[in-house]
1. Filter region 108-134 down to the residues that are of a type outside the set (A, V, I, L, M) and buried (at least 20 other Cβ atoms within 10 Å of the Cβ) and list them by number.
2. From the list GLY152, GLY137, which residue is surrounded by fewer than 19 Cβ atoms within 10 Å (Cβ to Cβ) and at positive phi?
3. Tell me whether region 67-80 contains one or more residues that are part of a loop (DSSP other than H, G, I, E, B), at pLDDT 95 or above, out of contact with any Phe, Trp or Tyr (no Cβ under 7 Å at 6 or more places or on another chain) and surrounded by fewer than 23 Cβ atoms within 10 Å (Cβ to Cβ).
4. Quick check: is even one residue across region 75-83 more than 18 Å from the chain's Cα centre (by Cα), farther than 21 Å from GLN180 by Cα and touching a residue at least 40 places away in the same chain (Cβ under 8 Å)?
5. Could you tell me which residue of region 196-223 is modelled with the highest pLDDT, considering only residues that are part of a loop (DSSP other than H, G, I, E, B) and more than 15 Å from ARG175 (Cα to Cα)?
6. Determine whether region 142-152 contains at least one residue that is among the hydroxyl-bearing types (Ser, Thr, Tyr) and under 17 Å from the mean Cα position of the chain (by Cα).
7. Can you tell me which condition LEU162 does not meet? The list is (1) over 19 Å from the mean Cα position of the chain (by Cα); (2) over 14 Å from ASP64 (Cα atoms), and all the others hold.
8. Going through region 101-135 one residue at a time, which ones are under 18 Å from LEU162 (Cα atoms) and either part of a helix (DSSP H, G or I) or modelled with pLDDT under 95 (or both)?
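The values are calculated or read from the model by the stated rules, or taken from the named source; none is laboratory data. Fair warning: this is a prediction, and the values are worked out from it, not measured in the lab. Methodologically, a virtual Cβ is constructed for each residue, glycine included, from the backbone with ideal geometry; neighbour enumeration extends over all protein chains shown.
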Amino acid sequence: MAIEGNIHSNDQLDEDELTPRNSWLLWSAVAIWILIAGIAGFWLGSNRIISPSDNSPEASFARDMSFHHANAVEMALLLRDRTEDETMRFLALDIALTQQAQIGQMQGWLNAWRLPISSLQPAMSWMGMPVDGLMLGMATADEVNQLSNLRGVEADITFLNLMIGHHQAGVDMARGVLAQTDRSEVVQLAQSIVTSQESEIATMRDILQQKGDMEDIPEGNMPGMNHSEDGS
């Protein structure tokens, strides 16, 4: 989901747009959006005669990316309440809303495929790099706690550095499943994740440069993820 439109519309916002009433309306709309995404995911997932197996790349991607997304949503909601920058607030909201809706869509697939939401299989096994703890790019509990204790520019910079790495890993996971599936619903979502998150990475790097602080986060694939869409 592109954020440029939201960011450039900040000058048109009135001060009363983030009142408790409007906030309630926003999150009501979000709940409806997530419900629709889940229903759509269920319908798309069930609209194929043969469903993926429990340990298939498609099912494993849906589980792993849902968990990965939840980490991003948590950070985004923390930043929303701690930033003093309206551009950052709308960036955080955009990430939270988009990724929460995608969680609903992927869990809708699993329900349609009659597969459990969780699995005993180690995360990222389907990519040939199983992990026992957090997946690549995810913020640790200490990093999330650090973000929760910051305000203003310090919160912005911490969030951006964490989210750039998080997005890079998310893009690599999406490319990983694109190399292993031909299911249209999975291809469509994975390609959407690649496109939107690469755009957001570029935007976040620009914002960090404007704020004058940027950690040494390499561009491109996360370490250990040197694959391409053709599986090479």
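1. Filtering region 108-134 down to residues of a type outside the set (A, V, I, L, M) leaves 108-109, 111, 113-114, 116, 118-119, 121-122, 125-126, 128, 130, 132-133.
Correct list: GLY108, TRP109, TRP113, TRP126.
2. Values: GLY137 fails: surrounded by fewer than 19 Cβ atoms within 10 Å (Cβ to Cβ).
After ruling out the rest, the residue left standing is GLY152.
3. From region 67-80, those part of a loop (DSSP other than H, G, I, E, B) are none; that's our starting set.
No, the conditions are met nowhere in region 67-80.
4. Filtering region 75-83 for residues more than 18 Å from the chain's Cα centre (by Cα) gives 81-83.
Filter once more, so that each one left must be farther than 21 Å from GLN180 by Cα: 81-83.
Going one step further and asking which of them are touching a residue at least 40 places away in the same chain (Cβ under 8 Å), we end up with 82-83.
The answer is yes; a qualifying residue exists.
5. To start, the set of residues in region 196-223 that are part of a loop (DSSP other than H, G, I, E, B) comprises 212-223.
From what is left, the residues that are more than 15 Å from ARG175 (Cα to Cα) are 212-219.
On the way: GLY212: 82, ASP213: 69, MET214: 58, GLU215: 59, ASP216: 52, ILE217: 53, PRO218: 53, GLU219: 58.
Filtering region 196-223 for residues that are part of a loop (DSSP other than H, G, I, E, B) and more than 15 Å from ARG175 (Cα to Cα), the one modelled with the highest pLDDT comes out as GLY212.
6. Here is the first cut: in region 142-152, the residues among the hydroxyl-bearing types (Ser, Thr, Tyr) are 148.
Now restrict to residues that are under 17 Å from the mean Cα position of the chain (by Cα): none.
No - not one qualifying residue is present in region 142-152.
7. (1)
8. As a first pass, look at region 101-135 and keep what is under 18 Å from LEU162 (Cα atoms): 133-135.
GLY133, the sole residue that qualifies.
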